[in-house]
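Please read the structure below before turning to the comments.
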Amino acid sequence: MQASHARPGVDLPIQPFTLPFLTQKAAHLELHTFFLLFAGGTLAGVINVIVGGAGFMTFPLLVAAGMSEIEANASNFVAVLPANVVGTWAYRAELASVRQHLPTRLFLAALGGIVGSTILIYTGQASFQKAIPWLLLFATFSFSAGPWFKAMLERRFNFDGTRWLWLSFTLEFLLYVYGGYFGLGMGIIIFTIYSLFSHMSLHQQNALRNITISLMTLISIVIFARAGVIRLAPALVMMSGAILGSYFAAKVARRVDPVIVRRAILAWAMILTAFAFWKYY
């Protein structure tokens, strides 16, 4: 590899910006891998509609399909993008009611995505492997403790987060940096931040969450594509399954107890986190 074509931390050659992820490696999938990714994406789409946390399903499946961890993470951004884009369109009416600070939040999302995904590319595969267990631990803790933490602050301290808007923006920016680097569980965390620091309704929170995460994800995809770490074919297969799962889940979501689904996801996340510590340490 020529030194002039190597990006620090990444063990893959950097191509000119002509969609370098369209490689032979990404273009062909074995049949069992295709069905694994499509079925996993379908289940993830169902989970995402009912309770969130689908990344706990999609990321390990992409690794199981033969990708490196950094490729699986980057490809996962492509796989989950439609959910947020569709959500942005679905909640477009609610955006009008939260437009006061929308430009600021979009700027923070864009900047956070640039910083987080750039850190991932420049620190590379080895550092990312060491970070994965701790990132999963953070995501699992946030997924489990977020609603409890919000209720505790409101009950014990009569916390009024609307007086601390600057702190909300700071936490949101840090979350977008985390999202650009890894992103598992960030949808749950951002709901917690919005709930703590605003009086927005759930639909208003969803509107902000979808548009900001969509922007962050698009920017991260461009950076990952430039670095050549996206495996497009597996990501598109998983994306197709997620779209199908989301469509059918939207029709039956009200009949499913989200508490049971949440507990199942939490149990899986704990197993996945424990396995990551065992594998990488």
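The values are calculated or read from the model by the stated rules, or taken from the named source; none is laboratory data. Since the structure is predicted, the reported quantities are computational estimates derived from the model, not experimental observations. So basically every Cβ, Gly included, is an ideal-geometry build from the backbone, and we count neighbours across all protein chains shown.
Picking from residues in the range 74-97 that are at pLDDT below 80 and among the small types (Gly, Ala, Ser), the one that is nearest to Ala54 (Cα to Cα) is Ala83. Looking across the range 85-137, the residues that are closer than 27 Å to Arg226 by Cβ, touching a helix residue (DSSP H, G or I) at 6+ places or on another chain (Cβ under 9 Å) and of a type in the set (Gly, Ala, Ser) come down to Gly87, Ala109, Ala110, Gly112, Gly113, Gly116, Ser117, Gly124, Ser127, Ala131.
Just the residues that are loosely packed, with under 14 Cβ neighbours inside 10 Å and not aliphatic (A, V, I, L, M), please, taken from the range 262-276. Hits for the range 262-276 are Arg263, Phe275.
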